[in-house]
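Quick note: the coordinates plus some simple rules give every number you see, no bench work behind them. This one's a predicted model, so the numbers in the text were calculated from it and none came from an experiment. Here Cβ is always computed from backbone atoms with ideal geometry, including for glycine, and neighbour counts include all displayed protein chains.
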Amino acid sequence: MTHKGSVFLAAALTTMGLGLTACNDGEDSSSAQESPSASAPASSDPGSESPSAKPSDDGAAPAGGDVAAPGTKLKVGDRALLPFEYTSDKKGTIAVTVTAIEKGAEADMAGFGAKAKGMTPYYIRMKVENVGGTDLSYASLKLRGQLEDGGPTGVILIGDLPGKCDSETAPRDFTTKGASYETCSLSATKTDPIAAASFSEGDDYSNSPVLWTN
């Protein structure tokens, strides 16, 4: 079956962070939004030795160590503890290990339509673990690509590339400490190569994301 999609042009790109949403699979469709880079490049100042991020609002300390500080820089293969909010009553701590940032071929983007011409896809592969033991079943994790100059790609993709980069939701039993699954985030660029995977969810990380590089 042909995997069809569409590309939309956006006036501005206001967020380039990790998306955590309920499972809404079932539509065989993909879309992309391309815009001029409206965001300033992410700060490259803090490193992994920066102070830890603040505890979550429920006051629970993250299990397994401190969460990664905003601006932490890691290598592919490194594991980072990260706080996130799935819904207002579901907050937790996850561990993310980016296992690969792979460059695809322009031809792989055919399913996104004519406006994706000239886009090079990148596949951000990762393992996600439930560290806090919160019920995070059916959550969907998205990391973004960051260019070599530190700026965003200017492209938002909705969908995946079956067989090449499958975006998996958390399983039903992703509710206990130690539960894990593997997934892939699709990113793309028409300009410079993608050099890093970025976690920029929440106020603490929006301007100073956690980055993984090869």
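With label points built 7 Å along Cα→Cβ from the Cα atoms of ASP192 and THR87, find their separation and express it in nm.
Distance between label points: 4.1 nm.
Could you calculate the FRET efficiency of ARG172 with LYS103 from 1/(1 + (r/R0)^6), where r is the beta carbon distance between them and R0 is 30 Å, rounded to 0.05?
Computed FRET efficiency for ARG172 and LYS103: 0.35.
Can you tell me the FRET efficiency between SER180 and ASP203 if r is taken as the Cβ-Cβ distance and R0 is 35 Å, rounded to the nearest 0.05?
According to the calculation, E is roughly 0.85.
Which cross-chain or sequence-distant (5 or more) residues have an amide H under 5 Å from the amide H of ALA100, H modelled 1.01 Å from N in plane?
Amide H to amide H, under 5 Å and 5 or more residues apart or across chains, ALA100 pairs with ARG125.
Less than 20 Å apart at the alpha-carbon level, and either on another chain or at least 8 residues along: which lysines does that give for LYS127?
Cross-link targets: LYS73, LYS75, LYS91, LYS103, LYS142, LYS164, LYS177.
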